[in-house]
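Structure record follows, encoded as C-alpha cells.
Throughout, read-outs are computed from the coordinates displayed, never taken from laboratory work. Because the structure is a prediction, the values reported are computed rather than measured. Here Cβ is always computed from backbone atoms with ideal geometry, including for glycine, and neighbour counts include all displayed protein chains.
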Amino acid sequence: MLIAQLPVAGEDDDRLRTPKSNNSGQDQAALDEYACDRSNLPWVIFRAAHRANHIAALPARSRSLLAALARTVDANRPFAAIFARRELLTGRALQSMRTFYRSLDDLEGEGFITRPPQKRHGDAGLFGRAYLHLTEKAAALLGLVDEPAAPADQSTPTSAAQDRSDSTSLSLRTPCVTVADGAIYKDLYPNNQKRQPATLPTDLHRLLSLGFHQFLIFKLMREARLQSKRLSDVVEVTWDHLKQAKRPISYLRALLRSPVDFTHQIRAKVFARAEIERTQVKALQTKDTVQRHAGATFFDSANERRFVLSADGLEITVHHCRESKPRVRIGNWAEEFAAALGGGMLEPATPQREFIFTSKLASVVPASTTERQSATRDKPAPARATVIAQSLNDMKRLLRQAGVGERSPARLV
C-alpha cells in the first residue's frame with residue numbers, strides 16, 4: 001500500500017527530535033558569572049560588615065573598603081594586623097587600585113585605620129610588607145569590642161529606659177534567635193582543635209641549639225614513632241656525633257631511617273652506668289667498714305683464725321692456730337673482709353674466744369717443733385758432699401788431659 005511507504009507518509013520529517021545546541025560553553029560561562037561566594041561568616045563579622053556599609057558620614061568607596069576590612073579582620077583579635085593582599089581587598093571592595101588608595105586615605109583621615117610605616121628586613125635590607133590595623137574607634141563602631149559605658153545621667157534615666165537599653169545592647173551582642181543554620185554562629189578558632197603541646201621534653205631542648213625549630217622537633221618525634229623508635233633515645237645515643245655534624249637535621253633523619261636499635265643501646269648504657277654506681281657505692285661502704293673497725297680483732301666461727309686490722313686500716317694480719325707466725329695480707333682484702341663481716345662469718349674478739357685460740361695454738365706448736373727435729377736427723381752427713389766434689393774435680397782433670405792429647409799431633413806438624 002502506498003500509505004505505508006516512507007516517501008508518502010513522511011514519518012521521518014514529522015518525528016520530533018531533540019535539538020542540538022552548541023552554546024553549552026556560553027551557558028557555563030553565564031553560570032560562572034552569576035556565581036557568588038558561598039562561605040558562611042560568623043555573626044559578629046556579618047554584623048560588622050553590615051554596620052560598615054551603613055555609616056552615612058563616609059563616602060561610598062570608603063564604606064565598601066571598611067566592609068571589606070571587616071570581613072577580613074580576625075574577630076578574636078580586632079587590633080591585630082590584617083593579613084590581606086591588595087588584590088583581595090580590591091576584589092572584595094569592587095574598586096580599582098587608585099580608588100583603593102583614595103579610600104585608605106579617607107579611612108585614615110577619619111581615624112578608622114592606622115598604617116604603620118614600611119619596615120626593612122635586617123638581614124637582606126629589603127622592604128617588608130605594610131599591614132593595616134583597625135583603631136579602637138572603628139572596632140567599637142563595628143561591634144568587634146564592647147563599647148564603653150556612657151556616664152549615668154541623673155535627670156532622665158528610669159528603670160524602664162535602662163531595661164530597654166540593656167536589652168538593645170544584648171540584642172546587638174548576641175543573636176536574638178536560634179536558627180537552623182548553626183554554621184553562621186560557629187567560632188573561627190575552636191578550643192578543641194588539635195594543637196602541639198606548649199613545651200618540648202626536657203631531654204630534647206638541646207636540639208634547639210643545633211638549629212632545630214620547635215615544630216620540626218615535634219615532626220621528628222612523629223617520624224621516629226612511625227619507625228618504632230623514640231627520638232629521645234636516638235639523640236641520647238648519638239649526641240656526640242650529632243653536635244659535630246655539618247647538617248644535623250639530615251643526619252638525624254638518616255638515623256631515624258636506619259635499622260639500629262637505639263633503645264637497646266640506651267638500656268646497655270643505663271645498665272653500665274648503674275653497675276659503675278653500684279661498684280662505687282660498694283667501695284665506699286667497704287672503706288667505711290674498714291675505717292670503723294680499724295685496730296679491732298676478729299675470730300672466725302671455729303676460733304681457728306684470728307684477724308687483726310692495723311690502726312690505719314691498710315693491712316690485716318691473719319694468724320692460723322696451726323701456724324707459728326701470723327701472715328700479713330695487703331692489697332684487695334678489704335672487700336672480702338667486709339663481705340665476711342656482713343655475712344656473719346667473723347665475730348668480734350672476746351676474752352673467751354681469745355683463751356680458746358691461745359689453747360689451740362699452744363697445743364699445736366710443740367708438735368710442729370718435734371717434726372722439725374726429726375727432719376733434721378734424717379739429713380745426710382756433710383762428708384758425702386765432700387766426696388761428690390772430689391769426684392767432679394777428677395773428671396774435670398781427665399777431660400783436660402784428653403783435650404791436650406788430641407791437639408798435640410797438630411803442633412808436631
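Among the listed pairs 243/269; 325/360; 282/325; 119/246, which have their C-alpha atoms separated by more than 22 angstrom in this model?
Details: 243/269 19 Å; 325/360 14 Å; 282/325 33 Å; 119/246 33 Å.
282/325; 119/246, as the Cα separations exceed 22 Å there.
Is there a quick way to get the dipole size of region 254-299? I mean about its Cα centre, with the Cβ of Lys and Arg at +1 and of Asp and Glu at -1; what is the value in debye to the nearest 20? Working shown, then result.
Working: 8 positive and 4 negative charges, 13 e Å.
The calculation lands at about 60 debye.
Out of 89, 131, 118, whose Cα points farthest toward the positive end of the dipole of region 43-147 (charges: +1 Lys, Arg; -1 Asp, Glu; placed on Cβ)?
89
Placing +1 at every Lys and Arg Cβ and -1 at every Asp and Glu Cβ, with all other atoms neutral, what dipole size does region 202-260 have around its Cα centre, in debye to the nearest 20?
With Lys and Arg at +1 and Asp and Glu at -1, about 240 debye.
Among 254, 310, 241, which residue has its Cα positioned farthest towards the positive end of the charge dipole of region 202-333, with +1 placed on the Cβ of Lys and Arg, -1 on the Cβ of Asp and Glu, and the dipole taken about the Cα centre?
254
Evaluate the distance, in nm, between pseudo-label points positioned 7 Å from the Cα of residue 209 and of residue 291 along their respective Cα→Cβ axes.
3.6
Residue 145 versus residue 402, label points 7 Å from Cα toward the beta carbon: distance in nm?
So the two model labels end up 12.9 nm from each other.
Give me the one-decimal nm value for the distance between modelled label points at residue 253 and residue 216, 7 Å along each residue's Cα-to-Cβ direction.
Result for the modelled spin labels: 1.0 nm.
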